[in-house]
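The values are calculated or read from the model by the stated rules, or taken from the named source; none is laboratory data. Every value quoted in this text rests on a predicted model; they were computed, and no experiment measured them. Neighbour counts are summed over all protein chains in view; Cβ atoms, including those assigned to glycine, are modelled from backbone coordinates with ideal geometry. Calculation scope for accessible area: heavy atoms of the full protein, side chains included, ligands and nucleic acids excluded. Shrake-Rupley method; radii C 1.70, N 1.55, O 1.52, S 1.80 Å.
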Amino acid sequence: MPPLIPVTGDPEADRLLAENPLALLIGMLLDQQVPMEWAFRGPFTLRQRLGGLDATAIAAMSPDALEAVFRAKPALHRFPGSMAKRTHALCQHLVDEYGGDAAAVWRGVTSGDELYARLVALPGFGAEKAKIFEALLAKRLEIRPDGWERAALPFSDDTPRSVADIDSPETLARVRDWKRTQKRRGKGKAD
């Protein structure tokens, strides 16, 4: 059975996330200050606008040209300028460090700590985003190096707190409910 990352509400966009490592990384990068569905649909829209989704091709674009693609209506993100710059930086990092191969970020890692270190080194990925992405890789794509649970805490637990926990429309609703409850309590995703 193919992996499930049903977060966008669009089966084609969801399939791209499951099948294209760069799409998944860009979706995670865009997942801030917009609804998850919008963020994770961004790679699908970007692929349509560019005619493909390739880290080397994106890194070769001028940052201004990529920003124009992000700003085209409808905008790819609430903050198209800054997110275009972050996407460009991410793709440049993937070219410089991994030959443009997004999956090489996690391919061959031997420990959760090593994977975390690689993820947190990505432009636009802070500590929390790196932990969520590590949990997403483990829970949705079965990429589970030794010690991933500890490295991804608290996102490795069974609490429906992030995109890593979404495998159906029902779990998406549970994650949303949990986040609303946390917000009312004045707490965040990691609490």
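Observations
- Phi angles of the stretch 152-167 translate, via the Karplus equation with coefficients 6.51, -1.76, 1.60 and θ = phi - 60°, into HN-Hα couplings of 9, 3, x, 6, 8, 7, 8, 5, x, 10, 8, 4, 4, 9, 8, 10 Hz per residue; Gly and Pro are given as x.
- Anisotropy class of the chain from Cα gyration tensor, a/c 1.5 cut: oblate
- Subset of 131/179; 85/129; 73/129; 139/187 violating a 20 Å alpha-carbon distance limit: 73/129; 139/187
- Our summary gives the chain a relative contact order of 18 percent, counting only alpha carbon pairs under 8 angstrom and 6 or more residues apart.
- Measuring with a 1.4 angstrom probe and ignoring ligands and nucleic acids, residue 106 comes out at about 30 Å² accessible.
- Most positive-pole-ward Cα, 79, 108, 143, against dipole of the stretch 53-143 from beta carbon charges: 79
- In the chain, the calculated helix contribution to ellipticity at 222 nm averages -18000 deg cm²/dmol per residue, counting -39,500 (n - 2.57) for every DSSP H run with n ≥ 4.
- Cα gyration tensor shape of the stretch 17-81, rounded if a/c is under 1.5, else prolate or oblate by comparing a/b with b/c: oblate
- Figure note: 54, 157 ranked by solvent-accessible area, largest first, 1.4 Å probe, ligands and nucleic acids not counted: 54, 157.
- Long-range HN-HN contacts of residue 143 with modeled amide H, under 5 Å: 138
- Remark: the stretch 1-113 carries 45 Å² of accessible area per residue (probe radius 1.4 Å; ligands, DNA and RNA excluded).
- Rounded to the nearest 10 Å², the accessible area of residue 98 at probe 1.4 Å: 50 Å²
- Sparse-neighbourhood loop sites, GluC sites (Glu not before Pro) in the stretch 93-157 - DSSP loop, at most 12 other Cβ within 10 angstrom: 142
- Protection-proxy order for peptides 12-19, 41-48, each taking the mean of Cβ atoms within 10 Å per residue, highest first: 41-48, 12-19
- Protein accessible area in the chain, 1.4 Å probe - carbon and sulfur %: 51 percent
- Taking the Cα centre of the chain as reference, the dipole from Cβ charges on Lys and Arg (+1) and Asp and Glu (-1) amounts to some 900 debye.
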